[in-house]
Amino acid sequence: MSDWTRDFAILDALDEASRAQLLTHSHAMQAPAGTVLFREGSPCQAYLFLQEGQIRVQKVGENGREITLYRVENGQTCIVTTACLMSGNDYDAEGVAETAIQAQALPIPAFRQLLASSAAFRDFVFRAYGSRIADLLLLIEEVSFGRIDQRLATCLLQRARGQNVLSTTHQELAAELGSAREVISRQLKEFERRGWIRLGRGQLQLLDSDALQQLAGK
């Protein structure tokens with residue numbers, strides 16, 4: 001049996017009995033890009049350890065507006081899932097595979113047993129939970145008090161990851177920032193007018209990353 005737990009550095013502290021229990025009860029799962037992994041109102045079935053890929057966790061309002069809460073990447077877990085498992089409530093957000101993913105799924109009974117019996121496993125779960133809560137508080141602060149031009153500049157730089165061409169739509173950026181598409185489109189056109197970006201269909205080109213970094217306060 002391959003020891004996938006080695007992909008998660010914080011699980012190195014697990015005792016061998018807990019590690020064996022984790023390996024015995026977990027099972028591998030894969031999903032292609034675009035798969036909706038869970039929806040708001042659906043019951044939680046398992047605790048996921050993401051090995052490869054990226055999952056976007058988002059909230060969709062009654063008016064169809066979306067906001068990206070966070071992303072789950074290699075070596076991470078999902079705190080919305082953790083909250084559901086600990087509270088016994090259904091999901092209150094949606095998870096979508098942005099890329100093809102590979103993960104290990106730990107069924108609810110085994111998750112609860114490990115949480116009760118293994119201090120190292122509890123530490124792993126609560127550290128991940130605490131870190132994400134801090135990120136969400138920062139997101140709330142940014143949405144409530146941040147300037148949309150600064151937040152958009154930061155978003156473009158982060159998503160470009162050092163590249164000059166970014167494949168995205170105005171709607172995707174609006175969902176990322178919790179704003180309306182019209183607001184984002186207007187701000188992008190202003191960036192283009194200033195010569196910082198060039199807009200295209202389904203993509204945009206960064207022409208002046210320094211100006212964007214200065215606006216973002218980097």
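Scan region 144-158 residue by residue and report those that are in contact with a helix residue (DSSP H, G or I) (Cβ under 8 Å, 6 or more places away or on another chain) and more than 17 Å from residue 65 (Cβ to Cβ).
149, 150, 153, 154, 156, 157
Go through the residues of region 144-153 one by one and say whether even a single one is under 20 Å from residue 19 (Cα atoms), open to solvent by less than 40 Å² (accessible area, probe 1.4 Å) and in contact (Cβ under 8 Å) with a residue 60 or more places away in the chain.
no
Those residues that are among the hydrophobic types (A, V, I, L, M, F, W, C), assigned to a helix (DSSP H, G or I) and over 17 Å from residue 15 (Cβ atoms), I need them from region 93-110; list them, please.
108
Quickly run through region 87-143 and pick out the residues that are more than 19 Å from residue 50 (Cα to Cα), open to solvent by less than 50 Å² (accessible area, probe 1.4 Å) and in contact with a helix residue (DSSP H, G or I) (Cβ under 9 Å, 6 or more places away or on another chain).
118, 136
Could you say whether any residue in region 47-68 is assigned to a loop (DSSP other than H, G, I, E, B), farther than 30 Å from residue 148 by Cβ and assigned by TED's automatic domain parsing to the domain that holds residue 138?
For region 47-68, residues assigned to a loop (DSSP other than H, G, I, E, B), farther than 30 Å from residue 148 by Cβ and assigned by TED's automatic domain parsing to the domain that holds residue 138: absent.
Quick check: is even one residue across region 54-68 in contact (Cβ under 8 Å) with a residue 12 or more places away in the chain, more than 16 Å from residue 176 (Cα to Cα) and of a type in the set (D, E, K, R)?
No.
Determine which member of the set 5, 81 is out of contact with any strand residue (DSSP E or B) (no Cβ under 7 Å at 6 or more places or on another chain) and under 14 Å from residue 106 (Cα atoms).
5
Show the residue pairs meeting these rules: Cβ distance below 6 Å; 6+ apart or different chains; first residue within region 117-142 and under 14 Å from residue 80 (Cα atoms) and modelled with pLDDT under 85; second residue among the β-branched types (Val, Ile, Thr) and open to solvent by 30 Å² or more (accessible area, probe 1.4 Å).
none
Which of (1) farther than 22 Å from residue 59 by Cα; (2) outside the structural domain of residue 54 (by TED's automatic domain parsing); (3) assigned to a helix (DSSP H, G or I) is the odd one out, the single condition residue 121 does not satisfy?
Every condition holds for residue 121 apart from (2).
Quick test for you: out of 33, 28, pick the one residue that is loosely packed, with under 15 Cβ neighbours inside 10 Å, in a loop (DSSP other than H, G, I, E, B) and of a type in the set (A, V, I, L, M, F, W, C).
Of the residues listed, the single one that is loosely packed, with under 15 Cβ neighbours inside 10 Å, in a loop (DSSP other than H, G, I, E, B) and of a type in the set (A, V, I, L, M, F, W, C) is 33.
Please verify whether residue 179 is closer than 22 Å to residue 63 by Cβ, open to solvent by less than 20 Å² (accessible area, probe 1.4 Å) and touching a residue at least 24 places away in the same chain (Cβ under 8 Å), treating the condition exactly as stated.
It is true that residue 179 is closer than 22 Å to residue 63 by Cβ, open to solvent by less than 20 Å² (accessible area, probe 1.4 Å) and touching a residue at least 24 places away in the same chain (Cβ under 8 Å).
The values are calculated or read from the model by the stated rules, or taken from the named source; none is laboratory data. Given the structure is predicted, the values throughout are model-derived calculations rather than measurements. In this analysis, Cβ positions are derived from the backbone assuming ideal geometry, glycine residues included, and neighbour counts consider all displayed protein chains. Only protein heavy atoms, including side chains, enter the accessible area calculation; ligands, DNA and RNA are left aside. Shrake-Rupley method; radii C 1.70, N 1.55, O 1.52, S 1.80 Å.
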